[in-house]
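This report concerns only the one structure given below.
The values are calculated or read from the model by the stated rules, or taken from the named source; none is laboratory data. What you see is a predicted model, and the numbers here were worked out from it, not measured in a lab. Cβ atoms come from the backbone with ideal geometry, glycine included; neighbour counts cover every protein chain shown. Note: areas computed on protein heavy atoms with side chains; ligands, DNA, RNA excluded. Shrake-Rupley method; radii C 1.70, N 1.55, O 1.52, S 1.80 Å.
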Amino acid sequence: MKGRQLTLTISSLLVGLVGCSSNASSIPTVVEVPQQNDVWYTEAQAAIAKAKTTMPIDKPAKNVILFIGDGMSVGTITAARIFEGQRRGLLGEEYSLSMESLPHAALVKTYNTDMQVPDSAGTASAMVAGVKTKAGTISVNDNVQRGFCSTALGNETTTAWELAAERGMSVGVVSTARLTHATPAVTYAHSADRNWEHDVPNIAKNQGCVDIATQFVNFDKGDGIQVAFGGGRREFLPAGVTDPEGKNGKRKDGRNLVEEWQAKHPEGQYVYDQTGFNKLDANTTRAFGLFESSHMKYEADRRHDEPSLAEMTSKAIDILSKNKEGYVLMVEAGRIDHAHHDGNAKRALEDTIAYDEAIKAALEKTNLDDTLVIVTADHAHTLVMNGYSARGNNILGLSKSKGKFSQDEFGKKYTTLTYGNGPGAVKGERSDLTESQVMALDYKQQSLVRLSSETHSGEDVAVFARGPQAYLFQGVVEQNYLYHVMNEALNLSK
């Protein structure tokens, strides 16, 4: 019989009328439905069949990769999916991202202990340390008051990266943001304030607190950090010293931490551009790359003078995989968040696709049976899709339906993507828009509330996973739960 069939079980068919016993066996009956040959129907049936073949991998993992799309809300994922699908010549909505192929998923609650709408420091700390904490603090517990060094001393948490290094595993961190920025910093540093990247206030210094960049160089758990790629040269160089691209350092203590790292790790290779990155080869066992003075370029602005997130991820896996004991790696797409703060959806979507390419590279390089891959975000943003746009309408364009531009009650056009707040709001009447205007790379989507920088959102974010213990992601979980899944997979602590 062609097509897929719906099986119905019918018991006790007209028992009294036909004189059958009430104990008669159930009789399965096959019933055809008229939509069974519809493409949507058959695709869903194929998806069911595939899902039935996906079995939980309930055994220890050798490696863990934690992907964090900074600020990648569920709405960002949806818009990026359509954006990339349309770039590939499709209507867009039917396209699927690499991250969406991971078989296990859940929603994650992102609030900090003191904030309904969180920041990246508190959220990332929860993921790597297993406990929620306050906004603005780096891998410390909830007893710490932001900006008060004395409260942090003795209240440091031990991160999964530290535990892995102490067990002999290799550890790494990759980011398109500064390596000393909130999310990457939580893997190796402990601080009462995320802003203490290259310096701490005198009172904090006198109390014994150390800046984040120094903590990176001083990381001495196990064999240290084998791979670190990102931006942030200025945090490691003294003020007055010019880097290879003509930018000045920011350190006031006169220390050149790049040189200190090189002295500490003579076998390591320090690189600062694409040329140096390309020279990292099969003989490389430790690498430190700082590709910008501050954050790395947005993907839309990258001109191949610095590596992509996918290239950095792939290279990091190559280096870390040399350790037979396994590795733990964080990969952050930090600039999704920055584009959202600027109200610039196009750059945010470009960086989300670059993030997805990095995930694809990791999936291709790793073994399903021994590597737990987790893909998530630290928090959401106020990006929304609205306006009843027709199927296939350009996701960055003006809302259009039935061949006509959508209009508000004042006769003005609007885009499908808008923000709840941000720099795109105006005083007085909302301006009318043109298609060429809203498609420009630098266009800032209109928003409701005028702010110089768009804010985070308190919405849940998604987590996708595959590999050993990935099935533990179910339902809605607290953000610190991610650490415990990694710990369950690697058995790092009790």
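Between segment 415-465 and segment 277-311, the alpha-carbon centres lie 30 Å apart. Taking a straight line from the alpha carbon of LYS252, these lysines sit under 21 Å away, with near neighbours fewer than eight places off in the same chain left out: LYS205.
A crude spin-label estimate for the pair ASN367 and TYR41, with each label 7 Å from Cα along the Cβ direction, gives 4.4 nm. Matching the structure-derived volume of the Cα convex hull per residue in Å³ against the labelled list (i) 135; (ii) 165; (iii) 212 gives the label (iii). Between LEU153 and GLU32, the distance separating the two model label sites (each 7 Å from Cα on the Cα→Cβ line) works out to 8.1 nm.
Compare the peptides 278-288, 345-355 by average per-residue count of other Cβ atoms within 10 angstrom and give them in order, highest first. Let's see the in-between values first.
Details: 278-288: 15.3, 345-355: 26.1.
Per-residue Cβ counts within 10 Å, averaged per peptide and sorted highest first, yield 345-355, 278-288.
Only protein heavy atoms count here; under a 1.4 Å probe, SER308 has an accessible surface of about 20 Å². Legend: distances between Cα atoms for LYS346/LYS404; LYS247/LYS324; LYS109/LYS404; LYS250/LYS427; LYS132/LYS427; pairs beyond 31 Å are LYS247/LYS324; LYS109/LYS404; LYS250/LYS427; LYS132/LYS427.
Add +1 for every Lys or Arg and -1 for every Asp or Glu among the other residues with Cβ under 13 Å from the Cβ of THR313, and state the total.
Numbers: positive: LYS315, LYS360, LYS365; negative: GLU311, ASP318, GLU332, ASP356, GLU357, GLU364.
Overall, the nearby charge balance is -3.
The protection proxy used here, the mean number of other Cβ atoms lying within 10 Å of each residue, ranks peptides 326-334, 135-143 as follows, highest first: 326-334, 135-143.
Taking the full set of protein chains and a 1.4 angstrom probe, give the accessible area of GLU162 in square angstrom, rounded to the nearest 10. Solvent-accessible area, nearest 10 Å²: 10 Å². Cross-link partners of LYS412 among aspartates and glutamates, defined as those whose alpha carbon lies under 13 angstrom from its own and excluding same-chain residues fewer than eight positions apart: GLU429, ASP432, GLU435. Rounded, prolate or oblate: which fits segment 434-494 when a ≥ b ≥ c are the square roots of the eigenvalues of the alpha-carbon gyration tensor, with rounded for a/c under 1.5 and prolate only if a/b beats b/c? It comes out prolate by the Cα gyration axes.
First check a/c for segment 229-382, with a ≥ b ≥ c the square roots of the eigenvalues of its C-alpha gyration tensor; if it is under 1.5, answer rounded, and if not, answer prolate when a/b is larger than b/c or oblate otherwise.
Numbers: a/c = 1.92, a/b = 1.10, b/c = 1.74.
Verdict is oblate for segment 229-382.
The label-point distance for THR275 and TYR388, in a model that sets each label 7 Å from Cα toward Cβ, rounds to 5.8 nm.
Per DSSP helix of 4 or more residues, -39500 (n - 2.57); summed, then divided by the residues of the chain. What does that give at 222 nm, rounded to the nearest 500? Don't skip to the end; give the middle numbers.
Working: 16 runs with 138 residues, N = 494.
Computed ellipticity for the chain at 222 nm equals -7500 deg cm²/dmol.
Is the shape of segment 202-295 rounded, prolate or oblate, going by the alpha carbon gyration tensor and its root eigenvalues a ≥ b ≥ c, with a/c under 1.5 for rounded and a/b larger than b/c for prolate? Oblate, since a/c reaches 1.5 and b/c is not below a/b.
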